[in-house]
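Structure first, commentary second.
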Amino acid sequence: MMKRIGILTSGGDCQGLNAAIRGVAKGLYQEFGKDVEIYGIKDGYKGLIFGEYKLMKPNDFSGILTLGGTLLGTSRQPFKTMRVIDENSVDKVKGMKDNYKKMKLDCLVILGGNGTQKTANLLREEGLNVIHLPKTIDNDIWGTDITFGFHSAVEIATNVIDCIHTTATSHGRVFIVEVMGHKVGWLTLSAGIAGGADVILLPEIPYDIDKVAKCLNDRIKAGKKFSILAVAEGAISKQEAALSKKERKKARENFPHPSIVYRIAEELAGKVDNEIRVCVPGHFQRGGSPCAYDRVLCTRLGATAARYIKEKTFGVMVGMVNGQCVPVPLQDVAGKLKSVPVDCDEIKAARQIGISFGD
């Protein structure tokens, strides 16, 4: 009997999406041979809502292992509005269910991060067979040790810090590098350690600007000509941490600065003798080819998803736990955020070699 499988990529793009799509497809062809049809759904959940999809051929999955981005396209569809009938009278949940049935799918494979996962769990609750593959450069998905895209982004962010070292050294400046990560600091922590940053500021550890300044001035007194700060987009001061989430959001809306690093630069300007410069690599961190680690990880996750389809193991995320691919029930992890533990080994090691977290 012919198996019909849908695949979509949702949320922010990152390295490894095409490699994971390839892993799923090649795994399915190995499991079912000619008795499988794979439908590529365009632009994430938007394509599923409005019925934008196409039947894929084996050749569509060739030559994409090293390509960044996603050949299916992606979009952001906020989970909190999924059950809301919009101004055009579009019932998004009904649309997704109807198109799933129209394609006569046996399973929908969904590649995405936290918001994507919550909608995947919603579809499971609605009776659809789904499997989720954990994608995000933030590495913040609960129930898996690692997400694909993370290591590739670490490589890029580390390279940025590496390159900043030479100009910082030459001019004797303080450089503040903004690394992606609104809610968690895994990417900033890894890139900061790997790039030899002197200060690392994370959302999980509220900073005191005076302690950051003291660290920088102590380096100057010790004869160090330059300093580098790796700062997460979502880094917060101790004053902000004392506010409620609503108050903090309102305060950020009135921000006179493009992002947190510009505010930190302004605050440090009167406290540190060095010239201060800001570097924001932004979406560079999401782009380019996946690193070798992510290519292997995506292949393993994709192949495992194909096996789960054969075994009819649905309603799960393919997690990587202790080096093994395991089925993680979506209802156990959807909506949970994996933050950096403030006493984790990485932070302990960083403190032991003199890296400041501004606290």
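The values are calculated or read from the model by the stated rules, or taken from the named source; none is laboratory data. From a predicted model like this one, the values you see are computed outputs, not experimental measurements. Neighbour counts are summed over all protein chains in view; Cβ atoms, including those assigned to glycine, are modelled from backbone coordinates with ideal geometry. The protein model used for the area step is the full one, side chains on, heavy atoms only, and it has no ligands, DNA or RNA in it. Shrake-Rupley method; radii C 1.70, N 1.55, O 1.52, S 1.80 Å.
Kyte-Doolittle mean at least 0.0 and Cα extent at least 24 Å along the axis: which DSSP H helices of the chain qualify?
On the way: long enough: 150-171 (32 Å, 0.37); 292-311 (29 Å, -0.14).
Passing helices, by number: 150-171.
By the gyration tensor of its Cα atoms, with a ≥ b ≥ c the square roots of the eigenvalues, what is the shape of region 49-106: rounded for a/c under 1.5, prolate for a/b over b/c, or oblate? Walk me through the numbers on the way to the answer.
Numbers: a/c = 3.39, a/b = 1.72, b/c = 1.97.
Note, shape of region 49-106 comes out oblate.
May I ask what percent, to the nearest 5, of DSSP beta bridges between residues of the chain are antiparallel? Write down the numbers at each step before the final one.
Working: 12 of 45 bridges.
Once the DSSP bridges in the chain are tallied, antiparallel ones form about 25 percent.
For region 1-141, what does the alpha-carbon gyration tensor say about shape, rounded, prolate or oblate, given a ≥ b ≥ c as the root eigenvalues, a/c under 1.5 as rounded, and a/b over b/c as prolate?
oblate
As an exercise, identify the GluC sites (Glu not before Pro) in region 87-157 lying in DSSP coil whose Cβ has no more than 13 other Cβ atoms within 10 Å. Walk me through the numbers before you get to the answer.
Details: sites: 87, 125, 126, 155; in loops: 87, 126.
Loop-located and lightly packed - 87, 126.
Quantify, in whole percent, the carbon and sulfur part of the accessible surface of the chain (1.4 Å probe; protein heavy atoms only). Numbers along the way, then the final one.
Values: 8070 of 16000 Å².
Carbon and sulfur atoms account for 50 percent of the accessible area of the chain.
Computed from these coordinates, which is Kirkwood radius over Cα pairs in Å: (i) 24.6; (ii) 20.5; (iii) 21.6?
(iii)
Treating cross-link reach as a plain straight distance, find the aspartates and glutamates whose alpha-carbon is under 17 Å from the alpha-carbon of residue 249, omitting any fewer than eight places away in the same chain.
Within the straight-line cut-off, residue 249 pairs with 204, 233, 240.
Between residue 4 and residue 194, how high is the FRET efficiency from 1/(1 + (r/R0)^6) when r is the Cβ-Cβ distance and R₀ = 35 Å? Nearest 0.05. Provide the component values of the computation, followed by the final result.
On the way: r = 43 Å, r/R0 = 1.24.
The formula returns an efficiency of 0.20 here.
Could you rank the peptides 245-253, 288-296 by their average count of other C-beta atoms within 10 Å per residue, with the highest value first?
Values: 245-253: 10.7, 288-296: 19.0.
Result, highest mean first: 288-296, 245-253.
So how strong a dipole does region 200-244 carry about its Cα centre when Lys and Arg Cβ are +1 and Asp and Glu Cβ are -1, to the nearest 20 debye? Let's see the in-between values first.
On the way: 7 positive and 6 negative charges, 84 e Å.
Magnitude of the dipole: close to 400 debye.
Would you mind checking which residues have amide H under 5 Å from residue 132's amide H? H placed 1.01 Å from N; only 5 or more apart, or other chain.
Under 5 Å from the amide H of residue 132 lie the amide H atoms of 110, 316, 317, 318, each far enough along the sequence or on another chain.
Could you pull out the pairs from 135/211; 102/310; 214/246; 80/312 whose alpha carbons sit more than 26 Å apart here?
Details: 135/211 35 Å; 102/310 21 Å; 214/246 31 Å; 80/312 29 Å.
From the list (135/211; 102/310; 214/246; 80/312), the Cα-Cα distance tops 26 Å for 135/211; 214/246; 80/312.
Rounded, prolate or oblate: which fits region 30-75 when a ≥ b ≥ c are the square roots of the eigenvalues of the alpha-carbon gyration tensor, with rounded for a/c under 1.5 and prolate only if a/b beats b/c? Working shown, then result.
Values: a/c = 2.85, a/b = 1.26, b/c = 2.27.
In terms of gyration-tensor shape, oblate.
Would you tally the net charge around residue 224, using a Cβ to Cβ cut-off of less than 14 Å, leaving residue 224 out, and scoring K and R as +1, D and E as -1?
Details: positive: 173, 214, 219, 221, 225; negative: 198, 218, 273.
Here the count lands on +2.
On full extension of the chain, what length is gained from residue 344 through residue 166, given 0.36 nm per residue of separation minus the C-alpha to C-alpha distance? Walk me through the numbers on the way to the answer.
Numbers: separation 178, 0.36 × 178 = 64.08 nm, distance 3.03 nm.
Stretched fully, the residue 344-residue 166 segment lengthens by 61.1 nm.
What fraction of the DSSP beta bridges in region 181-334 is antiparallel, stated in percent and rounded to the nearest 5? Please list the in-between numbers first.
Numbers: 7 of 11 bridges.
In region 181-334, DSSP labels about 65 percent of beta bridges as antiparallel.
All other residues with a Cβ under 15 Å from the Cβ of residue 299 taken together, and with Lys, Arg as +1 and Asp, Glu as -1, what is their net charge? Please report the intermediate quantities before stating the final value.
Working: positive: 22, 26, 135, 295, 300, 307; negative: 31, 294.
Combined, the nearby Lys, Arg, Asp and Glu give +4.
At 1.4 Å probe radius, can you tell me the per residue accessible area of the chain in Å²? Please report the intermediate quantities before stating the final value.
Details: 16000 Å² over 359 residues.
About 45 Å² of surface per residue is accessible.
Top to bottom by accessible area (1.4 Å), largest first, where do 79, 175 land?
Working: 79 75, 175 20 Å².
Ranking 79, 175 by accessible area, largest first, yields 79, 175.
For every other residue with a beta carbon closer than 14 angstrom to the beta carbon of residue 177, add +1 if it is Lys or Arg and -1 if Asp or Glu, then tell me the sum. Working shown, then result.
Details: positive: 173, 277; negative: 162, 178, 198, 233.
Neighbour charge sum, excluding residue 177 itself: -2.
Starting from the 7 Å offset along Cα-to-Cβ, what nm value, one decimal, do you get for the label separation of residue 241 and residue 98?
Once both label points are built, they end up 5.0 nm from each other.
Calculated from DSSP H runs of 4 or more alone, at -39500 (n - 2.57) each and per residue, what is the 222 nm mean residue ellipticity of the chain, nearest 500? Numbers along the way, then the final one.
On the way: 13 runs with 144 residues, N = 359.
So the calculated ellipticity at 222 nm is -12000 deg cm²/dmol.
Could I have the simple spin-label model distance between residue 359 and residue 331, label points 7 Å from Cα toward Cβ, reported in nm to one decimal?
According to this spin-label approximation, the distance is 3.5 nm.
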